[in-house]
Amino acid sequence: MRLSIIGSGYVGLVTGACFAEVGHHVVCVDNDSEKVRMLRSGRVPIYEPGLEEIIRTNVATGRLRFTDSIEDGVEDSEVVFIAVPTPPLPDGKVDLTYIEKVAREIAGVLRGYRVIVDKSTVPVKTGEKVAETISRYNRAGAEFDVVSNPEFLREGCAVADLMRPDRIVIGANSDRAAALMKRIYEPFHAPIYITDINSAELIKHAANSFLALKISYINAVAAICEASGAHIDDVADGMGADKRIGRDFLNAGLGYGGSCFPKDIKAFIAIAEELGVPFGLLREVEAINAAQLDRFIKKIRDALWVLKEKRIGVLGLAFKANTDDVRSSTAIALCKRLADEGARVVAYDPQAMAKAAPELPGVEMRGRAEDVFDGAEAVVIATEWKEFRALPWASLKGQMVTPLIFDGRNILDAGALRQLGYRYTGVGR
Ligand code: UDX
């Protein structure tokens with residue numbers, strides 16, 4: 001089928017590339033001409049495993065192309081996906097100005113029937129607004145349907161998530177649109193859930209908030225483990241073995257960050273309140289997440305007594321492993337907090353240093369993980385990169401002033417490190 005994707009950010013770009021990979025003809029539209037030029041020249045603006053390769057092969061086969069013209073995209077497609085940013089406003093609500101603007105622009109160039117699909121994460125009832133807006137600006141009077149098709153991909157494994165999704169959610173109020181959407185997703189062999197538009201929009205916020213709730217729940221239990229001498233890994237395994245609960249997203253640590261969870265939870269709270277349904281449960285999820293970093297920094301302070309002028313190595317700056325994304329990264333917040341207390345922070349991340357550096361002017365970046373141990377009084381693991389497990393721990397101890405390890409992601413073998421002579425502190429361990 002012929003598809004266009006408006007917005008070449010994370011979701012738009014990966015979605016476009018994966019649609020092309022399964023055989024659709026895709027035009028990715030972005031109003032940033034520099035980005036379009038970059039993509040046309042074969043360079044990809046984000047680090048995402050596997051993405052560059054599928055973009056390259058699909059551009060070569062002619063199934064994927066890039067343009068800065070919405071008219072070009074809409075003209076050359078049966079279905080138009082909107083994947084533009086929906087950033088948070090200061091009060092936690094969602095800024096829908098990009099969606100509204102794109103809806104107007106699509107309306108201005110609509111000439112024949114098109115399905116307009118909202119892929120961005122939006123508050124419930126946004127689809128209704130998009131449909132009203134398109135009707136208002138649709139001078140040619142062209143037929144159209146609006147569909148909600150939320151995206152559940154995770155950064156760091158976005159291509160795999162998109163190619164092998166758990167489920168596809170299609171919120172459509174017309175059979176014609178639903179049938180076209182089903183055809184797009186047939187090659188992905190995933191269960192398809194057809195709902196009304198409002199329900200599809202809610203599924204996305206409800207799912208993300210539930211995952212964040214799982215993380216805050218296990219972090220709250222981790223605090224009880226610390227107070228009682230129990231082990232969070234065993235507790236999480238024992239709980240997670242129950243199929244109704246599941247082991248995923250029960251990893252205690254510094255808490256959740258990223259471009260989605262913090263923003264989506266705030267938005268869901270705001271949406272619920274606007275609808276007259278206060279959502280105190282999610283406020284507690286947020287409070288536990290914020291307290292998680294406070295509690296962890298207190299552990300470092302308790303061990304070092306004074307942080308001022310202490311050299312602290314930090315491993316990891318991305319908000320999670322396998323990405324260079326540092327948006328709402330807890331690792332960045334941790335570095336800032338340590339630096340604010342006067343510590344000399346030396347950091348390393350396998351992918352995120354370039355994006356992190358402008359946010360951390362007082363922090364020294366190092367080219368290798370091993371280098372953050374030089375003269376350090378403590379080393380903190382702030383992101384769950386697997387490669388940190390494989391560091392030469394036996395020899396690194398000798399580079400440190402005092403061998404203190406604070407594992408904010410519980411990725412290291414505590415027993416093995418203690419045997420090597422480190423003083424190891426994790427979360428709930
Ligand atoms: C999330 C959702 O998983 C995805 O479905 C949605 O489309 C976008 O938001 P993403 O933001 O890429 O994806 O990251 P995710 O893997 O969910 O992790 C979010 C945060 O939670 C990270 O900071 C991660 O470190 C943290 N996390 C995750 C935990 O602290 N413990 C866990 O058990 C899992």
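The values are calculated or read from the model by the stated rules, or taken from the named source; none is laboratory data. Keep in mind the model is a prediction, meaning the values are calculated, not measured. For neighbour counting, all protein chains shown are included, and Cβ atoms are generated from backbone atoms with ideal geometry for every residue, glycine included. Accessible surface is based on the protein model in full, side chains and every heavy atom, while ligands, DNA and RNA are left aside. Shrake-Rupley method; radii C 1.70, N 1.55, O 1.52, S 1.80 Å.
Brief remarks on what is shown
- Test: residue in region 198-212 that is in contact with a Leu (Cβ under 7 Å, 6 or more places away or on another chain) and more than 10 Å from the ligand (Cβ to nearest atom): yes
- Residue count, region 131-140 (criterion: open to solvent by less than 60 Å² (accessible area, probe 1.4 Å) and touching a Leu at 6+ places or on another chain (Cβ under 9 Å)): 2
- Hits in region 213-225 - residues which are away from the ligand (no atom under 13 Å from the Cβ) and either outside any helix (DSSP H, G or I) or open to solvent by less than 50 Å² (accessible area, probe 1.4 Å) (or both): 223, 225
- Across region 379-425, the number of residues qualifying as touching a residue at least 60 places away in the same chain (Cβ under 8 Å) and farther than 18 Å from residue 343 by Cα comes to 9.
- Checking residue 247 against (1) in a helix (DSSP H, G or I); (2) under 25 Å from residue 406 (Cα atoms); (3) within 15 Å of the ligand (Cβ to nearest atom), the condition it does not meet: (1)
- Scanning region 142-173 for residues that are buried (at least 17 other Cβ atoms within 10 Å of the Cβ) and touching a strand residue (DSSP E or B) at 6+ places or on another chain (Cβ under 7 Å) turns up 144, 145, 146, 147, 148, 149, 150, 168, 169, 170, 171, 172.
- Matching residues in region 72-105 - criterion: being outside any loop (DSSP other than H, G, I, E, B), touching a strand residue (DSSP E or B) at 6+ places or on another chain (Cβ under 9 Å) and open to solvent by 40 Å² or more (accessible area, probe 1.4 Å): 72, 75, 88, 98, 105
- Region 174-195, subset free of Cβ contacts under 8 Å to residues at least 40 places away in the same chain and either in contact with a helix residue (DSSP H, G or I) (Cβ under 9 Å, 6 or more places away or on another chain) or among the small types (Gly, Ala, Ser) (or both), residue most open to solvent (accessible area, probe 1.4 Å): 193
- Residue match in region 406-429 (condition: open to solvent by 70 Å² or more (accessible area, probe 1.4 Å) and within 19 Å of residue 294 (Cβ to Cβ)): yes
- Against the numbered list (1) of a type in the set (Gly, Ala, Ser); (2) in a loop (DSSP other than H, G, I, E, B); (3) more than 9 Å from the ligand (Cβ to nearest atom), residue 255 comes up short only at (3).
- Test: residue in region 111-121 that is at pLDDT below 95, assigned to a loop (DSSP other than H, G, I, E, B), in the same structural domain as residue 13 (by TED's automatic domain parsing) and in contact with a helix residue (DSSP H, G or I) (Cβ under 7 Å, 6 or more places away or on another chain): yes
- Residue ranges of helices (runs of 4 or more DSSP H) in region 313-429 with at least 1 members over 30 Å from residue 228 (Cβ atoms): 330-340, 353-356, 393-396
- Residue, least open to solvent (accessible area, probe 1.4 Å), within region 39-71, restricted to residues that are acidic (Asp, Glu) and in contact (Cβ under 8 Å) with a residue 12 or more places away in the chain: 48
Residue-wise test of (1) surrounded by 13 or more Cβ atoms within 10 Å (Cβ to Cβ); (2) among the charged types (D, E, K, R); (3) within 22 Å of residue 293 (Cβ to Cβ); (4) within 13 Å of the ligand (Cβ to nearest atom).
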{"position": "227", "(1), (2), (3), (4)": "no, no, yes, no"}
{"position": "239", "(1), (2), (3), (4)": "yes, no, no, yes"}
{"position": "264", "(1), (2), (3), (4)": "yes, yes, yes, yes"}
{"position": "273", "(1), (2), (3), (4)": "yes, yes, no, no"}
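- Hey, residue 245 more than 16 Å from residue 410 (Cα to Cα) and without any contact (Cβ under 8 Å) to a residue 24 or more places away in the chain or not: yes
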